[in-house]
Protein chains: 2
Amino acid sequence: MKFLVAGVGAMGTRFALKLKQAGNDVTVVDGWDLRLKSLKKDGLCANLDGQEVVEHVPAYGQTELPNNLRFDVVLFLTKSMQLEQMVKDLLPNFDDHTMALCLMNGIGHEQTLEKYLSKEQVFLGNTMWTAQMTRPDHVLLEDDGSCELSNVVPGEPQASQAKQLVEVLDKAGLKCHLLADPRYSVFRKGCVNGTLNTLCTLFECNLEEFSKTSHAHKMVVEVVKEFAAVGAKEGINLDVDEAVHHVEDCYRVIGAHYPSMYQDLVKNNRRTEVDYINGYVASHGKKYGLKTPYCTLLTQEVHTKEDLQHAK
Amino acid sequence: MKFLVAGVGAMGTRFALKLKQAGNDVTVVDGWDLRLKSLKKDGLCANLDGQEVVEHVPAYGQTELPNNLRFDVVLFLTKSMQLEQMVKDLLPNFDDHTMALCLMNGIGHEQTLEKYLSKEQVFLGNTMWTAQMTRPDHVLLEDDGSCELSNVVPGEPQASQAKQLVEVLDKAGLKCHLLADPRYSVFRKGCVNGTLNTLCTLFECNLEEFSKTSHAHKMVVEVVKEFAAVGAKEGINLDVDEAVHHVEDCYRVIGAHYPSMYQDLVKNNRRTEVDYINGYVASHGKKYGLKTPYCTLLTQEVHTKEDLQHAK
């Protein structure tokens with residue numbers, strides 16, 4: 001299958017590398033000059049489960065991709081705030097058959113994609129893999145994970161296309177499952193990001209360290225309840241207990257992990273995706289007349305930390 | 001006047017030093033061995049507005065004060081969580097004429113004092129002075145400030161006693177004012193501590209740095225509203241706008257200051273008084289059926305930070 005991976009930070013690198021290793025045709029595009037330079041020169045370099053690996057793939061800046069190139073799938077793995085510009089820049093490379101697959105953290109990305117593409121083209125899901133950029137030219141890939149996706153609009157041919165996508169990703173070792181309801185899954189993953197990413201970033205700790213603090217469970221429950229309340233207004237009936245369990249299961253599975261938001265702000269002094277996670281719940285809660293004080297305060301706090309650090 | 005200063009940390013040292021310099025009879029008592037050792041050996045040592053000063057006063061461990069000593073005033077300036085044990089230990093030194101003056105951070109201390117003393121003996125207020133313990137044997141006293149107090153129960157002789165206390169403190173250069181309603185003043189000061197102490201501790205910044213962040217005002221307003229809501233249930237009608245202004249005026253007056261909670265947790269790795277500040281609002285809000293999510297989450301977050309640092 002012919003893939004364009006749009007955004008080859010840590011997670012994009014995992015997907016591009018695995019897809020390429022499985023024999024797919026992979027091209028990558030990125031907006032960060034320093035990263036792009038190393039991709040062009042040295043390819044995708046990573047430590048994959050303890051082994052140093054390199055894969056050479058065509059790499060382009062997001063405004064320099066030739067307009068005549070076409071892909072079966074454009075896989076979006078940018079940071080949330082970069083998605084809209086990325087879609088705009090890649091629009092010339094889409095035709096009616098191109099599938100747009102978004103596995104990014106954050107809620108509401110399908111609405112951004114649907115501004116520019118037909119809903120039938122959009123495939124949505126999330127990933128529980130971890131990935132960490134150790135340097136602009138190197139990524140660390142450890143821990144076990146999985147991903148899941150589905151078509152956004154029911155019917156054919158998109159249901160069959162979703163199945164095909166799942167098969168290709170699964171064959172590439174990305175442990176991919178077909179979802180019944182992709183938006184449910186995005187909200188459920190949002191609960192992980194809205195608790196562990198946000199709190200581990202504020203407290204500069206990993207998942208396991210956070211898990212051992214005396215108020216961790218109470219904070220997780222309150223945040224998840226707010227995600228569920230906003231989800232309910234959008235037709236998504238999140239099971240709060242199951243979602244809390246899903247969050248807390250991460251302690252066991254990837255306890256030593258520092259979440260991507262920690263990597264962004266604490267490690268690389270970059271502004272975070274919090275507006276697309278807790279901030280989504282806060283702003284949409286407000287729209288629906290719901291109180292979402294935990295998500296609101298956590299969003300304000302992450303921005304306060306960004307401000308104090310002069311994050312870029 | 002014959003003072004016993006109970007708790008000679010940073011703030012206790014300021015008061016003991018100034019009262020002694022103004023010619024009062026001052027004795028001090030403290031529960032921290034290392035501090036006490038230096039008080040006994042070297043006296044009250046401080047940098048007061050740029051000048052190194054020393055005053056020698058009788059100093060006792062809080063369980064070793066001779067029972068036959070009597071004082072006109074016992075001035076409580078311990079940490080909140082140490083107050084009850086301090087009162088118990090000093091009970092033999094109280095007679096019916098001894099005034100108990102509490103100028104500590106935190107809400108509800110008069111209830112602790114009234115468990116052991118008659119309400120008529122209790123005088124309540126707060127201080128806007130700053131003080132910082134640089135070492136167990138040295139305190140840094142800079143910035144301008146003031147304090148205020150009143151009798152808790154109206155009537156005589158306590159109203160006259162309160163006036164006398166104000167005069168003595170004012171004469172000692174502590175810029176003391178008589179309050180109309182001491183509990184109003186305690187809640188109003190609580191707004192300062194519940195915003196600036198807590199948030200500067202979480203973000204490890206000073207007041208001015210915090211003031212420049214983009215969400216500072218919004219967070220301050222929400223926290224002050226919760227203090228006001230709980231205050232209203234206790235008969236205290238806090239003026240929210242005025243209290244917010246009072247909080248934000250601190251940026252101008254003592255912007256370079258790192259609050260006492262920061263000093264406790266960030267600098268000295270000690271557990272904080274948060275349960276007596278935001279935690280008071282959270283727990284009493286719950287009792288009154290009020291929602292106080294900002295104070296609740298902030299309390300949980302400070303405890304999380306304490307847990308992660310293994311603060312003592």
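The values are calculated or read from the model by the stated rules, or taken from the named source; none is laboratory data. Keep in mind that what you see is a predicted model, and the values were worked out from it rather than measured. As a convention, Cβ positions derive from the backbone with ideal geometry for all residues, glycine included, and neighbour counts pool all protein chains shown. These area figures cover heavy atoms from the full protein model, side chains too; ligands, DNA and RNA do not enter into them. Shrake-Rupley method; radii C 1.70, N 1.55, O 1.52, S 1.80 Å.
Okay, here's what the table says:
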| item | result |
| --- | --- |
| Scope segment B:208-221; condition surrounded by fewer than 20 Cβ atoms within 10 Å (Cβ to Cβ) and either in a helix (DSSP H, G or I) or in contact (Cβ under 8 Å) with a residue 40 or more places away in the chain (or both); matching residues | B:Glu208, B:Glu209, B:Ser211, B:His217, B:Lys218, B:Val221 |
| Qualifying residue in segment A:8-24 (condition: buried (at least 19 other Cβ atoms within 10 Å of the Cβ) and part of a strand (DSSP E or B)) | no |
| Hits in segment A:286-312 - residues which are in a helix (DSSP H, G or I) and away from every other protein chain (no Cβ under 12 Å) | A:Lys286, A:Lys287 |
| Residue match in segment A:277-287 (condition: closer than 23 Å to A:Glu142 by Cα, surrounded by 21 or more Cβ atoms within 10 Å (Cβ to Cβ) and of a type in the set (A, V, I, L, M, F, W, C)) | no |
| Unique match (being open to solvent by less than 30 Å² (accessible area, probe 1.4 Å), assigned to a loop (DSSP other than H, G, I, E, B) and either assigned by TED's automatic domain parsing to the domain that holds B:Arg271 or of a type outside the set (Asp, Glu) (or both)) among B:Cys205, B:Cys200, B:Cys191 | B:Cys205 |
| Pick from segment B:199-252, criterion among the β-branched types (Val, Ile, Thr) and under 19 Å from the mean Cα position of the chain (by Cα), ranking: farthest from B:Trp129 (Cα to Cα) | B:Val224 |
| Some residue of segment B:234-252 being within 14 Å of another protein chain (Cβ to nearest Cβ), in a helix (DSSP H, G or I) and at pLDDT 95 or above | no |
| Matching residues, segment A:27-62, being of a type in the set (A, V, I, L, M, F, W, C), over 22 Å from the mean Cα position of the chain (by Cα) and either over 20 Å from A:Lys2 (Cα atoms) or assigned to a helix (DSSP H, G or I) (or both) | A:Val53 |
| Flag for B:Leu124 being under 30 Å from B:Ser211 (Cα atoms), modelled with pLDDT of 95 or more, open to solvent by 20 Å² or more (accessible area, probe 1.4 Å) and among the hydrophobic types (A, V, I, L, M, F, W, C) | no |
| Search result, residues across segment B:83-120 that are open to solvent by less than 10 Å² (accessible area, probe 1.4 Å) and either assigned by TED's automatic domain parsing to the domain that holds B:Val230 or over 19 Å from B:Val186 (Cα atoms) (or both) | B:Met86, B:Val87, B:Leu90, B:Asn93, B:Thr98 |
| Positions within segment B:129-154 being in contact with a strand residue (DSSP E or B) (Cβ under 7 Å, 6 or more places away or on another chain) and among the hydrophobic types (A, V, I, L, M, F, W, C), in sequence order | B:Trp129, B:Ala131, B:Met133, B:Val139, B:Leu140, B:Leu141, B:Cys147, B:Leu149, B:Val152 |
| Qualifying residue in segment B:264-285 (condition: over 25 Å from B:Lys305 (Cβ atoms) and at pLDDT 95 or above) | no |
| First in segment A:41-59 and closer than 15 Å to A:Gly12 by Cα, second anywhere and at pLDDT below 95 and loosely packed, with under 15 Cβ neighbours inside 10 Å, Cβ under 8 Å, 6 or more apart | A:Asn47/A:Thr134 |
| Positions within segment B:222-233 being open to solvent by 30 Å² or more (accessible area, probe 1.4 Å) and either more than 10 Å from every other protein chain (Cβ to nearest Cβ) or not acidic (Asp, Glu) (or both), in sequence order | B:Lys225, B:Ala229, B:Ala232, B:Lys233 |
